[in-house]
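The values are calculated or read from the model by the stated rules, or taken from the named source; none is laboratory data. All values reported here derive from a predicted model rather than from experimental measurement. FYI the Cβ positions are ideal-geometry reconstructions off the backbone, even for glycines, and counts take in every protein chain you see.
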Amino acid sequence: MIASPDVVAFTKDDDFGDSYTDPCLLPEEFSVPLFPHAANANPWTKTSYAKFSKDFILISEFSEQVGPQPLLTIPDDPRVCGTFDLNYFSLRIMSVDYQASFVGHPPGCSYPKLNFVEDSKVVLGDSKEGAFAYVHHLTLYDLEARGFVRPFCMAYISADERKIMQQFQQLSSGFSKASESLKSGNRKAFANELEKKLQDLEYTRSVLHKETELQKMNNGCYSTQVIEKANELANVEKSIYEHKDLLRQITSYPNRKRDTDHVQYEPEKPVETSITDHTFPSTHSINGDKGIETDSGSQQLSYTPQLIKAKSAKCFDKRLKTLEELCDSNFFPQTMDQLNLIEKTFRGDLCFISTSQIDQALLSKQKITSFLFEEERDWEEEENSRNLYDTDHNPHIAPPSVSNLSGEPMSLESYATCVEISPHKLDLESMEGPPESSTSDITQETSEEAVDTETKGSFSSDRSIEALGNVSPANPNSFVRRSTHEVCTVTLSVHQGDVASETAPDKNSPSLLDVNTVDVFETDNLVQIDTACCMGQDGFIYEESLPEPVQQCGEDTVVKQEPLSLLQGDPALQVDYIFGESALPLCSSLGFVLPEESTSVLSEEMVRMNVEDVSDCTSYMSTSTSSDRAGSPFTYGSLITLKQKKKAGHSALRFIRQYPFAQQAIFCILSGRTLVVLGAEEGTVRKLVNALSIFVPNLGKYGETVQPWLTTSFQLTDLHRWKLIGLQRVASPAGSSMLHSLSRYSRYIGILDCDNKTLRCPPYKGTLLGHMADHRTQIKRGSTYYLHVQSMLTQLAAKAFLYTFCHHVHLPINPDDQGSVALRRTNFLLQLGFTEEESQIIQFLSELIKQNFFQWPLKGLGQSVFSFNYTTSFLYKI
Amino acid sequence: MLRWILGGRGSQGGFEKSAALCIGEEQPKNRFTELQVLKGHFDIVRFLVQIDDFRFASAGDDGMVLVWNVETGERLVELRGHTQQITAMTTYAFIKGGRSHSAIITASSDRTLSLWDPDTGNRLQTVSDLQSSVKCVVVLDHLDVWLSGANELCVWNRDFQLQCKTVHHSDAGITAMVSLSKNCIAAAMDKEIVIFKLNLSEVETTILAIRHLADHQDTIRSLITINDELFASGSHIGELILWDAIDWTIQAYEHILWEEPTVDSQSEIRMGQQSEMSIQHMHSDGELLTAAVGSGLYVYHTVKKSIVAYRKVAHDSDILHTMLLDNGRVMSCSEDGSIRIWELQDLPLAAEPASSGFFGMFGTFGRSGKQAGAPTKKLLEVSGLRSLELIGDLIGHSGAVQMFVNFGVKGLVTCSADHLLIVWKDGERESQLRSLALFQKLEQSGGL
């Protein structure tokens, strides 16, 4: 890649006065060299020289038996890591000096002492591998481990070092939460284990005591067996004492930490002892002097105390506990949940992440208007989720679906739940193919490059690891502060001159030292990054993977779905829903229709367009056969995601292309007049409602103001509550009462008839909505159109804000000039460039803003007001 | 008009309105552009009374009395105590401790009477074990007593002590009462109006029937005071009689017959309606009187003793309540669930074809010879006959609208058989008020 200083130099040298050349044409020698990896359509991706395709999280352990070993990656997909050597990298990140080493017998103390060590956070770079990592070290307690500690580390590995550096605080905060959760669970598990062990020891002591007494009686006081038994007894006594001390230490931890005061330990459930792949039975074990403690070859699963045999010979076969076993069963899934959240949050390009963060920070300051059209990000929910990890959890908070992430085999039920809940996610994410084919070329090249650079002798493999930053482990909460980057100490262990600038171009630049070049926002504002919009590393993965979407609909893909929100509806309900129709046919048909040539040079946009179209078609097709739910992701009571809104944007695009009176319909919605979508077929109606929902002001977090499918007649209060209604057209006599309510309340509603393609609503002749809903629009993609609409709606919201909070418009100059206020209001809106009709939109939005500002109670709907106006409706036809 | 909704699935006559009354959706004179639905009752809401300039009480068949704030729509207190439907409700103002209080008197089918404090929701007084359920209550402020009308007429003082009562009259009982001058009370009992005289002396209070007016041919449905000189009564068959309030003589007699002039097919459709001429409700501002006659409206000038305007079919079904507004407008609500606002307009020139509602208005027949002084006039000879033009309708209730209370600029409250109350407001004014409140709050909090 060409660096910007180079370009500047070239233009300086250019002689302008020579002869006329087309200034637009760059001489051939100055032309920018093509991006070396033509197959890689995204020139911004930094992974071209890395051996992995996208960022991932690695958890490694420094095993006392086999040394550093990788345990698991998130996402748990071998394709993500590609040919990246996890073992090697584990060695790297675990070899950073970590202060966990002094656990055990401190000098001058006869009893083992637990150290509650703070986590350490380090940034590492391995230019040879093209990998940069935020590394979070932590220790967990294990009764059977040497010194009772097991060192672990969690690493966020990315090819973009600037991403690591700039997002350091967010990463740190995220990983601290995960670590806290893991450690809390570990403390609980450790305490349980100690208690069981104590019971065992007590039991052993009583047995030994009896035996000693017996032998004393039989053999006399000074026989060797008796002495042996007495020694054994003494050992057990000592061991009991030590264990009690340990238990005291571990349970006294809550007193040291404010947030664990409320720990309510649940009745203990036995820890699963399933053998997982992560543990390798070791033949080599360093057996400490505390023979009795470490020699219990088997785990105690129950409360029944067991006799502990002294000095078991089987100590070398000791199997260390897995990470999951080390942690209480309730906490581990939550930790994984948090890690998955981190992975999702930081997915994609740095630029996008930063923009989203800025966006979010700005939005949080605009609560007065942001409720109108912005995606509702619930701030208190964020708080809740933070509390979930800060304080020790109540286990019942954990949703059942989260446990899917812990790697347990999923039941059919939970599998179906996943599919049901995010049907639209599926069609994009299922496209995620194996990147081996695409990345293999690159990795080969990169390795060649690496070989090249290595043959130059510029650096040895030892030096290719740089500890770029080492943040002293402070109180994790302090990472909210903006000043931690000053704490960073850089220990460059490289000969700087030797390092090829290609592999680490910015290594010496000061920006690297400056962890925070951008403003650091509140660390809890973690952005949910949407793959559909993200240009980053996810992009090119899709490309070559299209031929095999069917296989990818398998369980493998589904497991990696994002964890369900805690607020999602009752899973059992959703399961019922899905059993009516299978999800898999949708996938397979989707895959079947996919064009074969998309594997070749089609850009990802094109491919995605196809995917969207196809999925739209399938949802249309499925309507005829089954009760359609694919057409509408807006199930009442479930959280509306940005993704669903973008999906709706696609439907909306189709709507405005199909219906010439789309502007009138949108005007109806924006001016607060309830739009009733009338149709006989549920799928069509739901689809239209879904499409139009992106225009509904104050949609609500769960889409409360939209009723996608109504089969009974509605009341006046319903019109008040719902601003967009999908209504079933019934031919039976029952339908006549519905039609009666339609005609009766016709002055309050607009009626869009799907079947006859007509619209009955007040006229709109302005130009404003023409920009929003031009049926000859050049916009091709649903998500683009959604963003277009969103930007226009934001402008409207801004105008409404201006109108609402403009003093002179609303305040009477003297007490008896109410009339002039009305006049000034009208004139103000005219000056803003709104026609009389468009003024209604602004006025409606303004009323919503006022209502929101006063926080008028929403509980009793009778408390809020319903405005309307008397205008003649017209009937529009295609 | 709405046939297109049905998608050509055949005609339906069930809810088509008569074309003459369809005002359409363009209503520039209708200022009610905002509504607020008040929920709280569990059965038909029949009564509304205004307590002061911002509070009102509602009561109905669920036996509950709810007090509301008309400005905010807030439910202030719930007055619970009656076990059966409320049959009458009125406000009662009294002076206590140098301060004027307003209270509510309610009567219920459970044969109790209660006095409520709308500020606290307490039941101040209660009377039970009545022999019959009270149908009407009248407060005589100047005497500081109040009267309840059931099968007998009872007189009560402020402390709910029975002062005196009349003998048992008939099974029909007293359905309406008005207070006249000279401590007299007119009470409607079936076809009769009975004038009672109340004698208050130091020792005891007595009440005596002094006159029976039996000029109505059918049951009296409505009895109102017009002014100090006149009161009016209306019967089930459309007789409207104006009485002198002092000597109880007939001042005017109108028999309203909605006669159908045309004999086309429509007449058989409207047979059912035609026979309905019952005067359900009347209201007067002292000069004009408006009467709800079946589903039609009738405006009468009580000084000129002449008809001012009328409309034979003002609603699709019976009008339950009507009111003269101060700006020459008439409001009516009906069993069809709508409220309509009418304006008295001068008729167009006689040469022009009149509106369809104009035909068939020759329905007022004088009953000449029967009573002296009863005017007999042909309608067309009446100069200054005006028309009632529909200028707006309020649609929202899904059941019969029982009655309404007008709060002027603050809005209009309607109650209905659909258990709901609706406050109709001027949207423009409310929007301005909200803006003012917004800036007040901004000032208090010192900015956003």
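Scanning segment B:55-92 for residues being within 21 Å of the chain's Cα centre (by Cα) and either among the hydrophobic types (A, V, I, L, M, F, W, C) or not in a strand (DSSP E or B) (or both) gives a total of 16. Just to be sure before I move on: is B:GLY24 within 14 Å of another protein chain (Cβ to nearest Cβ) and exposed (fewer than 14 other Cβ atoms within 10 Å of the Cβ) in the structure I sent? Yes; evaluated as a whole, the condition is true for this residue. Say we look at segment B:28-43 and pick out the residues that are over 26 Å from B:TRP342 (Cα atoms) and more than 9 Å from every other protein chain (Cβ to nearest Cβ); which of these is farthest from the chain's Cα centre (by Cα)? So the residue we want is B:PHE42. Just one of the listed residues (B:THR376, B:THR364) is at pLDDT below 70, surrounded by fewer than 20 Cβ atoms within 10 Å (Cβ to Cβ) and of a type in the set (Val, Ile, Thr), namely B:THR376.
Screening A:PHE695 against (1) more than 9 Å from every other protein chain (Cβ to nearest Cβ); (2) modelled with pLDDT under 90; (3) surrounded by 19 or more Cβ atoms within 10 Å (Cβ to Cβ) leaves a single unmet condition, (2). Confirm whether B:ASP418 is within 28 Å of the chain's Cα centre (by Cα), modelled with pLDDT of 90 or more, within 21 Å of A:VAL809 (Cβ to Cβ) and within 11 Å of another protein chain (Cβ to nearest Cβ). Against the criterion (within 28 Å of the chain's Cα centre (by Cα), modelled with pLDDT of 90 or more, within 21 Å of A:VAL809 (Cβ to Cβ) and within 11 Å of another protein chain (Cβ to nearest Cβ)), B:ASP418 does not qualify. Yes or no: segment A:731-749 includes at least one residue that is within 39 Å of the chain's Cα centre (by Cα) and either closer than 17 Å to B:VAL37 by Cα or not aromatic (Phe, Trp, Tyr) (or both). Within segment A:731-749, not a single residue is within 39 Å of the chain's Cα centre (by Cα) and either closer than 17 Å to B:VAL37 by Cα or not aromatic (Phe, Trp, Tyr) (or both).
Is at least one residue of segment A:805-819 in contact (Cβ under 8 Å) with a residue 12 or more places away in the chain, of a type in the set (Phe, Trp, Tyr) and either more than 14 Å from chain B (Cβ to nearest Cβ) or touching a Leu at 6+ places or on another chain (Cβ under 9 Å) (or both)? Scanning segment A:805-819, I find no residue that is in contact (Cβ under 8 Å) with a residue 12 or more places away in the chain, of a type in the set (Phe, Trp, Tyr) and either more than 14 Å from chain B (Cβ to nearest Cβ) or touching a Leu at 6+ places or on another chain (Cβ under 9 Å) (or both), so the answer is no. Inclusion of A:THR758 among residues that are surrounded by fewer than 20 Cβ atoms within 10 Å (Cβ to Cβ) and touching a strand residue (DSSP E or B) at 6+ places or on another chain (Cβ under 6 Å) is warranted. Exactly one residue out of B:GLY411, B:GLY384, B:GLY357 is at pLDDT 50 or above and either within 14 Å of chain A (Cβ to nearest Cβ) or in contact with a helix residue (DSSP H, G or I) (Cβ under 8 Å, 6 or more places away or on another chain) (or both): that is B:GLY411. Among the residues of segment A:819-827, at least one is hydroxyl-bearing (Ser, Thr, Tyr), part of a helix (DSSP H, G or I) and modelled with pLDDT under 85. Only a single item in (1) more than 9 Å from chain A (Cβ to nearest Cβ); (2) among the hydroxyl-bearing types (Ser, Thr, Tyr); (3) in contact (Cβ under 8 Å) with a residue 40 or more places away in the chain is not met by B:THR83, and it is number (3). When segment B:128-157 is examined, which residues are found to be β-branched (Val, Ile, Thr) and either without any contact (Cβ under 8 Å) to a residue 60 or more places away in the chain or touching a Cys at 6+ places or on another chain (Cβ under 9 Å) (or both)? The answer is B:VAL134, B:VAL137, B:VAL138, B:VAL139, B:VAL155. Give all pairs with beta carbons closer than 7 Å in which a residue from segment A:867-878 that is under 26 Å from B:GLY411 (Cα atoms) and at the interface with another protein chain (Cβ under 7 Å from one of its Cβ atoms) meets a residue that is hydrophobic (A, V, I, L, M, F, W, C) and assigned to a loop (DSSP other than H, G, I, E, B); count only pairs at least 6 apart in sequence or on separate chains. Once the first residue is under 26 Å from B:GLY411 (Cα atoms) and at the interface with another protein chain (Cβ under 7 Å from one of its Cβ atoms) and sits in segment A:867-878, no partner that is hydrophobic (A, V, I, L, M, F, W, C) and assigned to a loop (DSSP other than H, G, I, E, B) comes close enough.
Of the residues making up segment B:94-106, not a single one is at pLDDT 90 or above, basic (Lys, Arg), assigned to a strand (DSSP E or B) and over 23 Å from B:GLN163 (Cβ atoms). Scanning segment B:420-448 for residues that are outside any helix (DSSP H, G or I) and surrounded by 20 or more Cβ atoms within 10 Å (Cβ to Cβ) gives B:LEU420, B:LEU421, B:ILE422, B:VAL423, B:TRP424, B:LYS425.
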